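Comments concern the structure below.
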Amino acid sequence: MPLFTMYGHDNDLSFFKDRNDVKRCSSCGLLVAKWEEDLGVVSIPRRLRHDVSSSYDGVFVVSGRFRDVYERTGLTGLEFTPLTGDHFALRATHTVVFDSARRGTRFIKKCDACGQYESVAGAAPAFLVDGETIGELAFARTDLEFGSGDEKAPVFVCGARAAEALRGAKLKGMDLEKVEGT
């Protein structure tokens, strides 16, 4: 059963830049509780051009239209955090294990204080460990987050019927790519 990665186009937003109310490592400065921070305090100054997009710091943002398609087609595995306007931050409720050895992922500059890497490179094409499955209508996130600094984020993965439903809706700003070996 094929799986797909889902990516969103850049939306020129930043949720953590210049904020002094977020928790950071005192040694390296990386965010230590990124996905627990309050994203709703950041104002989105305009209507976004895309139904699926990503901020400079790795927050996946979707439109109300995306959420409507998700609910109408019976997709599963995502949570929607309200943002300003008709926008939502997206989080997956299920995690799959990324095969970093097979992909050749590089882990760069580990912080001894918080245990995070400054950079994790090598997300695409995506490889999942053998045996990882996702339902055909489901979404998940990778256990690893890729990128550098605040931009690190997981890769969203979905089943074939979920990808088909999203493609059929002609959502703007979304790219779907087949996961290698599925």
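The values are calculated or read from the model by the stated rules, or taken from the named source; none is laboratory data. This one's a predicted model, so the numbers in the text were calculated from it and none came from an experiment. For neighbour counting, all protein chains shown are included, and Cβ atoms are generated from backbone atoms with ideal geometry for every residue, glycine included. Note: areas computed on protein heavy atoms with side chains; ligands, DNA, RNA excluded. Shrake-Rupley method; radii C 1.70, N 1.55, O 1.52, S 1.80 Å.
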Exercise for review: With label points built 7 Å along Cα→Cβ from the Cα atoms of Cys114 and Met1, find their separation and express it in nm.
Suggested key: 3.6
Practice item. Provide the per residue accessible area, probe 1.4 Å, for the chain, rounded to a whole number of square angstrom. Key: 50
Check your understanding: What aspartates and glutamates sit close enough to Lys17 to cross-link, taking a C-alpha to C-alpha distance under 20 Å and skipping anything fewer than 8 places away on the same chain?
Key -> Glu36, Glu37, Asp38, Asp57, Glu118, Glu145, Asp150, Glu151
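How large, in percent, is the carbon and sulfur part of the accessible surface of segment 90-182 at a probe radius of 1.4 Å? Show your work: numbers first, answer last.
Details: 2080 of 4600 Å².
Exposed carbon and sulfur together represent 45 percent of the surface.
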Review point. How high is the relative contact order of the chain, in percent, with contacts defined as C-alpha pairs under 8 Å that are six or more residues apart?
Key: 31
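I want to check a number: in segment 37-182, how many lysine pairs have alpha carbons closer than 27 Å, given a sequence separation of 8 or more or different chains?
Working: Lys109/Lys152; Lys110/Lys152; Lys152/Lys172; Lys152/Lys178; Lys170/Lys178.
Lysine pair count for segment 37-182: 5.
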